Amino acid sequence: MASSHLEDSDIFQLINDSDSDCCTDNSESDVEGSESESDIDEVQSSSSATWGPPHQHGTRSVNTYSGGAVRLKTHEAPHVNKDSTPFSVFMLYFAEIIHLLAEETNRYYHQHVDRRQEGPSPRPDVTESEMFLFLGIIIQMGHDIRDRLTDYWSTLKQFATPFYSETMKRDRFLHILHFLHFADNSTEIDRNGDSYDRLWKIRTIFDTLNDAFEKYYNPSEHLAVDEIIVKFKGRVIFKQYIPKKHKRFGIKIFKICDAAGYTYDMKVYLGKDRTRADRDVTATHATVRDLCRRIEGVGHKLYMDNFFSSPDLFDELMTKKITCCGKLFFHLLDLTILNSHILLKSCGANWTHRDFVSPLCRTCWSLLEGVHLALNGPGVDPRLLDRSHLE
């Protein structure tokens, strides 16, 4: 039997593989306005930075966590307990969204009726119960792929599936599908204006779901910021094409999740922001800052990869009682005295950074060239770590 031990090169590959894709799709070839992930913010560390061994700058304490245990917020959902069904939990997050879908679908239909001069008599408004049934049918269709939409209501023996006709009549389903809407068209602003929101069609639904993530759940102490690519085959200008990813086409979403994998907050990447107010920082810095707005002041521990990490970001989050740890690009550090890998080995693996505000600890594994971890908490000497769990 082959040995299961990991070589240093294997460990290096695992550390650098931060791909968080959840599915694959390499078939898409028509991309409009796609943008590459290769544009990484260039950040230079403070010119006032000094580097040296940990004892030179002293130690710093870790922020004490005061956010409470991981749990459902019972004061927000007193009717949900350990005996509740999964549907009860589902309703916490989607009841308001279902109401919004029914409301906007009816609004769009009535706008259509008001514009026409003649035609069939108006149909009754879509109810929330019908919207639930409609979405249930859509989900079931994903497990039962057919050539044509009308085949689901076919009475032919080889196609007949009573579920669809018993749940909703075909014409009613097609009516809802035709007028399904997520926002009031009359509220659209000039798409050429600086304040235009590319996500305005579903912005209310997205924000409603995002707010529910925070409202009903208290996350764990340890959180992580990362990005995912959601498969999407439509035509939007902010669709991404990232050839090095397993899933090359889709919409990029930045997320902050807890140790259990619960999404606590998320943000859709809509392209370069022309109106971003915080021009004093990079786009990735601003993204993490925005995702952390709900976790300030309670001592959370936040982990991220080198796409997000920067000394300035870590220093800022420390002022908000957020302890950070992340991999850094070597060129982002002003390491004038650590300019070679050989010198790193001779000087030791654990060095600290200090500027006018607070020290930043930078840890380098000398066996893995180019792997540099930074944190705004106390440093750890890699020579004292037990590597047996990696083998």
Could you work out how much longer the chain between residue 230 and residue 157 gets when fully extended? Use 0.36 nm per residue separation minus the Cα distance between them, nm to one decimal. 22.5 nm
At 7 Å along the Cα-to-beta-carbon direction for both residue 177 and residue 268, put a label point, then send me their distance in nm to one decimal. 2.2
Plugging the Cβ-Cβ distance of residue 70 and residue 207 into 1/(1 + (r/R0)^6) at R0 = 22 Å yields, to the nearest 0.05, a FRET efficiency of 0.35
Report the paramagnetic label zone for residue 110: residues of the range 124-138 whose backbone N is under 14 Å from a point 7 Å from Cα along the Cα-to-Cβ axis. 124-127
Going from the fewest other Cβ atoms within 10 Å to the most, one would list 302, 177 as 177, 302
Given a Förster distance of 25 Å, report the FRET efficiency between residue 192 and residue 118 from their Cβ-Cβ distance, rounded to the nearest 0.05. 0.10
Label-reachable residues, the range 163-177, where backbone N falls under 19 Å from a point 7 Å from residue 143's Cα toward its Cβ: 163-168
Packing-based exposure ordering (other Cβ within 10 Å, fewest first) of 196, 216, 164: 196, 216, 164
For the range 193-264, with equal point scatterers placed on the C-alpha atoms only and solvent neglected, what are the log10 I(q)/I(0) values from the Debye formula at q = 0.19, 0.22 1/Å, to two decimals? -0.97, -1.10
Given 0.36 nm per residue, what is the gain on full extension from residue 127 to residue 88 after removing their alpha carbon distance, in nm? 12.1 nm
Sorting 153, 200 on the 10 Å Cβ count, fewest up front, what's the list? 200, 153
For the pair residue 135 and residue 290, what calculated FRET efficiency results from E = 1/(1 + (r/R0)^6), where r is the Cβ-Cβ distance and R0 = 35 Å, to the nearest 0.05? 0.70
What translational D, rounded to a whole number of µm²/s, comes out for the range 86-187 from Stokes-Einstein when the hydrodynamic radius is the Kirkwood one over Cα pairs, at 37 °C and 0.692 mPa s? 216
I need to check one value: relative contact order of the range 86-187, counting alpha carbon pairs closer than 8 Å and at least 6 residues apart, in percent. 41
I need the shape label for the range 156-285. Rule: rounded when a/c is under 1.5, else prolate if a/b > b/c, else oblate, with a, b, c from the alpha carbon gyration tensor. prolate
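FYI, it's all coordinate maths here, none of it is from the lab. Note that the structure is predicted; figures quoted are calculated from it, not measured. Don't worry about glycine lacking a Cβ; one is built from the backbone with ideal geometry, like all the others, and counts go over all protein chains shown.
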